[in-house]
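Single-structure report; data block below.
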Amino acid sequence: MPWNESTKMDEKLKFVSRYLDGEKITTLCQEFGISRVTGHKIIDRYKDSSLEAFTDRSRRPFRQANRLPFQVEQFELLSI
């Protein structure tokens, strides 16, 4: 019997489709091996942005606390 290959995206899609079919989130989370918080996060992301929700997001910070704004940084370079 060949192995079934599945990606994270496929598993998330299965999870959401079964939830939309009416299955309880608690039983789905137990079956998929995730917490209910994670299950709700997947469903909320799907509601917000449909299929784009299943792709991995960058964990890079939106901004860096000690970095100067771009305009100030360019001004300092020009004045040297």
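The values are calculated or read from the model by the stated rules, or taken from the named source; none is laboratory data. Since the structure is predicted, the reported quantities are computational estimates derived from the model, not experimental observations. Cβ coordinates were reconstructed from backbone atoms using ideal geometry, including for glycine residues, and neighbour counts include every protein chain displayed.
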Check segment 22-34 and report whether any residue there is under 18 Å from Asp56 (Cα atoms), of a type in the set (Gly, Ala, Ser) and modelled with pLDDT under 95. no
Within the chain, helices (runs of 4 or more DSSP H) holding 1 or more residues that are aromatic (Phe, Trp, Tyr), surrounded by 10 or more Cβ atoms within 10 Å (Cβ to Cβ) and in contact (Cβ under 8 Å) with a residue 24 or more places away in the chain: 8-20, 36-49
